[in-house]
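Notes follow the structure.
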């Protein structure tokens with residue numbers, strides 16, 4: 001079954017708006033289509049917005065009728081494994097819970113460094129960009145408690161699209177991280193205005 005995941009969005013004018021470039025991707029019978037104009041409120045350093053699908057679990061993915069059960073399970077399993085290396089990291093549980101909710105963070109250790117990361121709350125399905133070797137990116141997602149939005153481990157926010165499970169994300173969301181996330185201190189999170197924020201127009205993780 002071939003289905004257009006996202007229709008083109010109407011033109012909106014905001015100071016940080018960047019335009020979509022046309023991109024069509026097919027996975028199984030599903031089609032991801034980007035229009036000529038995108039949603040507002042994009043951080044320029046997240047890259048041009050592209051269209052993606054996001055789901056809380058396999059059941060929601062299957063019910064969308066855009067992907068087979070096998071594709072949905074593959075996406076969730078891949079995202080769950082990637083979460084170990086891509087989940088945001090915080091130096092204490094309080095800072096993590098202020099961003100993702102009480103009881104939503106767990107302790108972890110890597111390379112002799114202890115930190116706290118939020119629980120996986122969903123997964124993203126989108127086409128890898130040029131240089132990614134083709135195919136699809138299945139990325140872990142985390143939901144911030146203040147705005148209820150999905151975020152990737154790298155702090156890229158998914159903006160609501162035009163239909164269930166349809167979102168826009170900066171193209172950085174399609175890139176496999178080249179380095180593990182830095183452990184975020186409380187002061188660095190506050191200085192950026194919260195997880196996913198930006199300071200001085202630069203990247204989020206410092």
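Looking at the range 164-187, which of its residues are crowded, with 18+ Cβ neighbours inside 10 Å and under 20 Å from residue 90 (Cβ atoms)?
As a first pass, look at the range 164-187 and keep what is crowded, with 18+ Cβ neighbours inside 10 Å: 165-175, 181, 183-184.
181, 183, 184 - these are the residues of the range 164-187 that are crowded, with 18+ Cβ neighbours inside 10 Å and under 20 Å from residue 90 (Cβ atoms).
Conditions (1) at pLDDT below 95; (2) within 30 Å of residue 119 (Cβ to Cβ); (3) in a loop (DSSP other than H, G, I, E, B); (4) touching a helix residue (DSSP H, G or I) at 6+ places or on another chain (Cβ under 9 Å), marked per residue:
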residue: 18; (1), (2), (3), (4): yes, no, yes, yes
residue: 26; (1), (2), (3), (4): yes, no, no, no
residue: 35; (1), (2), (3), (4): yes, no, yes, no
residue: 39; (1), (2), (3), (4): yes, yes, yes, no
residue: 62; (1), (2), (3), (4): no, yes, no, yes
residue: 67; (1), (2), (3), (4): yes, yes, yes, yes
residue: 75; (1), (2), (3), (4): no, yes, no, yes
residue: 81; (1), (2), (3), (4): no, yes, no, no
residue: 84; (1), (2), (3), (4): yes, yes, no, no
Practice prompt. Looking at (1) free of Cβ contacts under 8 Å to residues at least 12 places away in the same chain; (2) crowded, with 21+ Cβ neighbours inside 10 Å, find the lone condition where residue 148 falls short.
Written response: (2)
Fill in: Residues of the range 99-113 classified as in contact (Cβ under 8 Å) with a residue 40 or more places away in the chain and either in contact with a strand residue (DSSP E or B) (Cβ under 6 Å, 6 or more places away or on another chain) or closer than 19 Å to residue 148 by Cβ (or both), total
4
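Out of the residues in the range 109-121 that are part of a strand (DSSP E or B) and at pLDDT below 95, which is farthest from residue 91 (Cα to Cα)?
So the residue we want is 110.
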Worksheet item: Hey, residue 69 hits all of (1) surrounded by fewer than 21 Cβ atoms within 10 Å (Cβ to Cβ); (2) free of Cβ contacts under 8 Å to residues at least 40 places away in the same chain; (3) touching a strand residue (DSSP E or B) at 6+ places or on another chain (Cβ under 6 Å) but one; which does it fall short on?
Response: (3)
Fill in: Unmet requirement for residue 130, which otherwise passes all of (1) modelled with pLDDT under 95; (2) touching a helix residue (DSSP H, G or I) at 6+ places or on another chain (Cβ under 7 Å); (3) outside any helix (DSSP H, G or I)
(2)
Discussion item. Here are the criteria: (1) out of contact with any strand residue (DSSP E or B) (no Cβ under 8 Å at 6 or more places or on another chain); (2) in contact (Cβ under 8 Å) with a residue 24 or more places away in the chain. Tell me which single one residue 153 does not satisfy.
Written reply: (1)
Discussion item. Being assigned to a loop (DSSP other than H, G, I, E, B) and either buried (at least 16 other Cβ atoms within 10 Å of the Cβ) or out of contact with any helix residue (DSSP H, G or I) (no Cβ under 6 Å at 6 or more places or on another chain) (or both) is the requirement here; does residue 124 meet it?
Written reply: no
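The values are calculated or read from the model by the stated rules, or taken from the named source; none is laboratory data. From a predicted model like this one, the values you see are computed outputs, not experimental measurements. Glycine also receives a Cβ, built like all others from the backbone with ideal geometry; neighbour counts cover every protein chain displayed.
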